[in-house]
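A.B. asks: Below: one structure in structure tokens.
The values are calculated or read from the model by the stated rules, or taken from the named source; none is laboratory data. All of these numbers come straight from a predicted model, not from anything done at the bench. In this analysis, Cβ positions are derived from the backbone assuming ideal geometry, glycine residues included, and neighbour counts consider all displayed protein chains. Note: accessible area is taken over every heavy atom of the protein model, side chains too, but ligands, DNA and RNA are not part of it. Shrake-Rupley method; radii C 1.70, N 1.55, O 1.52, S 1.80 Å.
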Number of protein chains: 2
Amino acid sequence: MPLKLENRIPDIVIGRLPLYLRALNRLKQEGIEVTSSHELGQRLGISSAQIRKDLSHFGGFGKQGTGYQINFLITKLQSVLKINQRWQVAVVGAGNLGSAISHYRGFQDRGFEIAWLFDADESKIGQQVGRFTVQAISELKKVISENKIQIAMVAVPAEQAQEVADILVDAGIRAILNYAPINLTVPDHVMVQYIDPVVHMQHMTYYLDENA
Amino acid sequence: MPLKLENRIPDIVIGRLPLYLRALNRLKQEGIEVTSSHELGQRLGISSAQIRKDLSHFGGFGKQGTGYQINFLITKLQSVLKINQRWQVAVVGAGNLGSAISHYRGFQDRGFEIAWLFDADESKIGQQVGRFTVQAISELKKVISENKIQIAMVAVPAEQAQEVADILVDAGIRAILNYAPINLTVPDHVMVQYIDPVVHMQHMTYYLDENA
């Protein structure tokens, strides 16, 4: 994640806000209306002091002793994260993973809409994958530019991922979510985040008993 | 992530260790042999003080002023995270996502091996998906127990994920990586981590220009 020098809030704080938002939405689904930094912290494995400090960067959102109004805090965090609008997202790679992403229902109501599915493979172009017609990657630059798309997902095999990233950067994409298990090289004005299941599994093995 | 009360190291610290390990492996791939908390911090958007503090829980691994020997630190972190062994993993769900996971090459050399692929769908059982023969979920408990499997991935649609989690818990699974966009309810002795692309995208939208 390239840090903006002019941005005074540490990137690691920004990275925790979506986790707070997810936990708040779950509390809301459970019918809870007010929460505390303590309750949030217990759900997330983050100290209540850290949560209060993180939120204080944006004004705090709560009064001492009365907790956080969940609906209010959700709205504020959505605004901070700029997901009080819906972002259209381009997916590159119409294989198994791209198909799974295009069917994924976890984007609903969380600020994103998968809007295009691209592939380089001639045999896939024009085919229907869920509600998408697979488009040629040669059309990508035109589509991205005409629709002012800023976010793309890379769902191609590792050996094609850098080439796809280069095409996305050239087309003007500003944020890439990379599912391929390689490190992408991009200019400073482009952000990359990685879907890396191994990081999550290594977090859990710490707590497991060694195998016999 | 259920916190072990007897464990004195905060879970959020444990969660950063796989990120350190990934960054160290990338430095190593670049031919670098020694690094510093400053260099690691810059790559990860985490302060060097935080990194030194995190590593100090495990002995520090470096001498003041001389930096970290990358190979040494990698070996130590692998040992702390118990991935100096290979963990066999069961995947439930042989649809697009399960297929993508079973073809994913990012597990290699990082402590994990996908070893079984299960599905509840009669029409998929016995079919070949990559190097796997899809097995019936009715066989899951027996396979998990006989092979002492502790880790499973849930790659089924949202509405089936809780039922699959219940089956996994009953079979003795201790750690679940859930790709479905729902919160799983499991007993305290079972850990769940979530693959949630939205969390990563919301992290990036903070830095994007609002759409016109």
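A.B. asks: With the requirement that a residue be among the polar types (S, T, N, Q) and free of Cβ contacts under 8 Å to residues at least 60 places away in the same chain, what does the range A:182-212 give you?
C.D. replies: A:Asn183, A:Thr185, A:Gln202, A:Thr205, A:Asn211
A.B. asks: Of all helices (runs of 4 or more DSSP H) completely enclosed by the range B:108-212, which ones contain at least 3 residues that are at positive phi and away from chain A (no Cβ under 11 Å)?
C.D. replies: none
A.B. asks: Can you confirm whether B:Val192 is open to solvent by less than 40 Å² (accessible area, probe 1.4 Å), over 14 Å from the mean Cα position of the chain (by Cα) and in the same structural domain as B:Val134 (by TED's automatic domain parsing)?
C.D. replies: Answer is no for this residue.
A.B. asks: Exactly one condition in (1) open to solvent by 60 Å² or more (accessible area, probe 1.4 Å); (2) modelled with pLDDT of 95 or more is not met by B:Ile176; state its number.
C.D. replies: (1)
A.B. asks: Keeping to the range B:62-72, report how many residues are at pLDDT below 95 and crowded, with 17+ Cβ neighbours inside 10 Å.
C.D. replies: Residues in the range B:62-72 being at pLDDT below 95 and crowded, with 17+ Cβ neighbours inside 10 Å: 3 in total.
A.B. asks: If you scan the range A:17-40, which residues turn out to be closer than 11 Å to A:Leu73 by Cβ and within 9 Å of chain B (Cβ to nearest Cβ)?
C.D. replies: A:Leu17, A:Leu21
A.B. asks: Which residues, counting only those in the range A:51-61, are open to solvent by less than 60 Å² (accessible area, probe 1.4 Å) and on the phi < 0 side of the Ramachandran plot?
C.D. replies: Going residue by residue through the range A:51-61, those that are open to solvent by less than 60 Å² (accessible area, probe 1.4 Å) are A:51, A:54-55, A:58, A:60-61.
Listed by number, the residues that qualify are A:Ile51, A:Asp54, A:Leu55, A:Phe58.
A.B. asks: Name the residues in the range B:67-94 that are over 20 Å from the mean Cα position of the chain (by Cα) and free of Cβ contacts under 8 Å to residues at least 12 places away in the same chain, would you?
C.D. replies: Result: B:Phe72, single match.
A.B. asks: Return yes or no: is B:Ile137 aliphatic (A, V, I, L, M), at pLDDT 95 or above and open to solvent by 20 Å² or more (accessible area, probe 1.4 Å)?
C.D. replies: Taking the combined requirement at face value, the residue satisfies it.
A.B. asks: Check A:Ala158, A:Ala165 and return the single one that is open to solvent by less than 10 Å² (accessible area, probe 1.4 Å) and within 20 Å of A:Ala120 (Cα to Cα).
C.D. replies: Only one candidate passes the filter, namely A:Ala165.
A.B. asks: Restrict the check to the range B:43-58 and report whether at least one residue is of a type in the set (Val, Ile, Thr), within 30 Å of B:Asn147 (Cα to Cα) and touching a His at 6+ places or on another chain (Cβ under 9 Å).
C.D. replies: Keep residues of the range B:43-58 that are of a type in the set (Val, Ile, Thr), which gives B:46, B:51.
From what's left, within 30 Å of B:Asn147 (Cα to Cα): none.
The answer is no, given that none of the residues of the range B:43-58 is of a type in the set (Val, Ile, Thr), within 30 Å of B:Asn147 (Cα to Cα) and touching a His at 6+ places or on another chain (Cβ under 9 Å).
A.B. asks: Looking at (1) part of a loop (DSSP other than H, G, I, E, B); (2) within 11 Å of chain A (Cβ to nearest Cβ), which one does B:Phe61 not meet, given that it meets all the others?
C.D. replies: Of the numbered conditions (1) part of a loop (DSSP other than H, G, I, E, B); (2) within 11 Å of chain A (Cβ to nearest Cβ), the odd one out for B:Phe61 is (2).
A.B. asks: Test A:Thr185 against the criterion of being out of contact with any Phe, Trp or Tyr (no Cβ under 8 Å at 6 or more places or on another chain), among the hydroxyl-bearing types (Ser, Thr, Tyr) and under 14 Å from A:Ala94 (Cα atoms), and give yes or no.
C.D. replies: Details: out of contact with any Phe, Trp or Tyr (no Cβ under 8 Å at 6 or more places or on another chain): yes; among the hydroxyl-bearing types (Ser, Thr, Tyr): yes; under 14 Å from A:Ala94 (Cα atoms): no.
Answer is no for this residue.
A.B. asks: Something else about it: Any idea which of (1) in the same structural domain as B:Asp166 (by TED's automatic domain parsing); (2) more than 19 Å from A:Leu208 (Cα to Cα) is the one B:Tyr68 doesn't satisfy?
C.D. replies: Evaluating B:Tyr68 over (1) in the same structural domain as B:Asp166 (by TED's automatic domain parsing); (2) more than 19 Å from A:Leu208 (Cα to Cα) leaves (1) as the failure.
A.B. asks: For the range B:89-107, how many residues are within 16 Å of A:Ala180 (Cα to Cα), open to solvent by less than 20 Å² (accessible area, probe 1.4 Å) and part of a loop (DSSP other than H, G, I, E, B)?
C.D. replies: 2
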